[in-house]
Amino acid sequence: MATFRLQGSKVLAVSMTGDGVKAKNGSMVAYDGQMAFKKMSGGGEGLRGMVTRRLTGEQMEVMEVKGQGTCWFADRASEINLVSLHGDKLYVEASNLLCTDAGLRTGTSFTGMRGGATGNGLFTTTIEGTGQAAIMSDGPAVVLRVTPQYPLSVDPGAYVAHQGNLQQSFQSGVTFRTILGEGGGEAFQIRFEGDGLVYVQPSERNTIGGEL
């Protein structure tokens, strides 16, 4: 299995001894030793994964890297966080996924309807198995604990990933931008209940359905 380590907070070094990883296409910044690079059709597994991504827009441009040596990955100076999986599942936005062990299974999961008025569905990339994954955030990510006693509500634009035994739902909410008159439509929040971890970033991306 490949060895992941961070050099600083914005560069991922992966040491390989004949094994491989799947990484965001174009994210390799340097390598030593003997490496082979192969562009893959996408982040999901098989034909079903390809069809699902076309329908959902949860598109991932992925390359497979195999060899002997060390490969360094980075993407637009984003902060990188390492997540260890032990047979469990990680849900992550496709744009926030940098690299995974080649043995981890990737796919696409429907996470719910984003309000009956718009009828928009949300889909998230899933990573499952045993190994490591590197996820990115715009600014240092914060890892928030969710327990049955303390559910968590997150702005969809700040959401990066989550793992654990969590139930996810969407609820109408009021954001500071709505209060200040800067909102551009319905205001929604993602509510997490159960037991697990949620990764959020200190910057908001644009989400479907307008500003939140």
Test: Ser15 is modelled with pLDDT of 90 or more and assigned to a loop (DSSP other than H, G, I, E, B) | no
Filter region 144-175 for residues that are small (Gly, Ala, Ser) and within 17 Å of Asn81 (Cβ to Cβ); which is farthest from the chain's Cα centre (by Cα)?
-> Gly164
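So is Gly103 modelled with pLDDT under 90 and either not in a strand (DSSP E or B) or not β-branched (Val, Ile, Thr) (or both) or not?
Numbers: modelled with pLDDT under 90: no; either not in a strand (DSSP E or B) or not β-branched (Val, Ile, Thr) (or both): yes.
Here the answer is no, as Gly103 does not meet what is asked.
Just need a number here: residues in region 183-194 that are at pLDDT 55 or above and more than 19 Å from Ser109 (Cα to Cα). Explain how you work it out, then say what you get.
Here is the first cut: in region 183-194, the residues at pLDDT 55 or above are 187-194.
Now restrict to residues that are more than 19 Å from Ser109 (Cα to Cα): 187-188.
The qualifying residues number 2.
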May I ask you to list the residues in region 106-143 that are in contact with a helix residue (DSSP H, G or I) (Cβ under 7 Å, 6 or more places away or on another chain), farther than 22 Å from Gly87 by Cβ and either basic (Lys, Arg) or at pLDDT below 95 (or both)?
-> Phe123
For Ser169, work out the one condition from (1) closer than 18 Å to Ser203 by Cα; (2) modelled with pLDDT under 95; (3) not in a loop (DSSP other than H, G, I, E, B) it doesn't fulfil.
-> (1)
Could you grab the pairs with beta carbons closer than 7 Å, sequence gap of 6+ or different chains, first residue in region 10-30 and more than 19 Å from Ala77 (Cα to Cα) and touching a residue at least 60 places away in the same chain (Cβ under 8 Å), second one of a type in the set (Asp, Glu) and open to solvent by less than 20 Å² (accessible area, probe 1.4 Å)?
-> Val21/Asp101
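The values are calculated or read from the model by the stated rules, or taken from the named source; none is laboratory data. Fair warning: this is a prediction, and the values are worked out from it, not measured in the lab. Virtual Cβ from ideal backbone geometry, glycine too; neighbours counted across all protein chains shown. When the accessible area is computed, the model is the full protein with side chains, heavy atoms only, and any ligands, DNA or RNA have been set aside. Shrake-Rupley method; radii C 1.70, N 1.55, O 1.52, S 1.80 Å.
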